[in-house]
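In what follows, a single structure is set out as structure tokens and then discussed.
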Amino acid sequence: MLREENTKLRGRNEQIKEELERLQANVSSQQSRESRSENAVADLKRQLGELHSKLKIAQKQRSELEAELEAEKNICHTKKHALQLTTDELANASAVINNLNKENVKLQSKVDLRTEIAMRQEKMLLEKEKQIMELSNTVAAIEQEHVKNKSSNEEHAETVRRIKETTDIIEEKYRKRAFTVSSKALS
């Protein structure tokens, strides 16, 4: 009878050890996934930082272009005013008027070009802001998954600890019984 119980306890002990090994492998796998998630979050945060930096540069360039555009508009306005004065004062100086008109066309072309560039910059800024928003959402989703994985790992670790305690108790009972059986056999 003791042998049967001893055999059953050994079998149960082996099952518990196998379960413990399986759970430890599961915990190790979870920790590996958690590490990969942390790396992905760090990489996405780095990319987000880079996009923020690029956005600041693009905004600075936009401000500079707007300032240049404003200066060009002021120059254009000044040239138009000078052209009007010259026309009033020098009605017969058509050569001067023609030159000023040509210059005005060039300046207007520059203004148009700068305006087009500023509009392109604005479009790029909107695209960058959209990318940043998408990356922020991705980072938030990964961080949420990371928190879930961390909680799951803690639960697995607690289960492994309880199984180990149970195994230790069974091994202690087994040792005591084996000692009692061997003591009786020696007597």
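Miscellaneous remarks
- The residue that is farthest from Arg62 (Cα to Cα), among those in the range 114-140 that are touching a helix residue (DSSP H, G or I) at 6+ places or on another chain (Cβ under 9 Å) and small (Gly, Ala, Ser), is Ser136.
- Residues of the range 102-110 include none that is at pLDDT 90 or above and closer than 30 Å to Ala40 by Cα.
- Yes/no for Ala58 being within 19 Å of the chain's Cα centre (by Cα) and surrounded by 11 or more Cβ atoms within 10 Å (Cβ to Cβ): no
- When Leu55, Leu85, Leu44 are checked against the criterion of being part of a helix (DSSP H, G or I), over 30 Å from Lys123 (Cα atoms) and hydrophobic (A, V, I, L, M, F, W, C), a single residue qualifies: Leu85.
- Of the residues examined, Ala91 is one that is outside any helix (DSSP H, G or I) and either touching a strand residue (DSSP E or B) at 6+ places or on another chain (Cβ under 8 Å) or not basic (Lys, Arg) (or both).
- Residue match in the range 99-114 (condition: closer than 23 Å to Ser53 by Cα and among the charged types (D, E, K, R)): no
- Cβ-Cβ distances below 9 Å connect no pair with a first residue in the range 56-74 that is farther than 12 Å from Lys110 by Cβ, a second residue that is of a type in the set (Ser, Thr, Tyr) and surrounded by fewer than 15 Cβ atoms within 10 Å (Cβ to Cβ), and a separation of six or more residues or different chains.
- Among the criteria (1) free of Cβ contacts under 8 Å to residues at least 40 places away in the same chain; (2) farther than 21 Å from Ser152 by Cβ, the one Asn39 does not fulfil is (2).
- Conditions (1) of a type in the set (A, V, I, L, M); (2) at pLDDT 90 or above; (3) surrounded by 15 or more Cβ atoms within 10 Å (Cβ to Cβ); number of the one not met by Ala71: (3)
- Every condition in (1) within 30 Å of Glu158 (Cβ to Cβ); (2) loosely packed, with under 15 Cβ neighbours inside 10 Å holds for Val27 except the one numbered (2).
- Residue check, Asn153 surrounded by 15 or more Cβ atoms within 10 Å (Cβ to Cβ) and in contact with a Ser or Thr (Cβ under 7 Å, 6 or more places away or on another chain): no
- Answer residue from the range 111-149, given it is charged (D, E, K, R), exposed (fewer than 15 other Cβ atoms within 10 Å of the Cβ) and more than 15 Å from the chain's Cα centre (by Cα) and is nearest to Leu23 (Cα to Cα) among those: Lys148
- Any chance Ile16 is farther than 26 Å from Asn153 by Cα, within 50 Å of the chain's Cα centre (by Cα), in a helix (DSSP H, G or I) and not acidic (Asp, Glu): no
The values are calculated or read from the model by the stated rules, or taken from the named source; none is laboratory data. All values derive from a computational prediction rather than experimental measurement. Because the Cβ atoms are built from the backbone with ideal geometry, glycine has one as well, and the counts that use them run over all protein chains shown.
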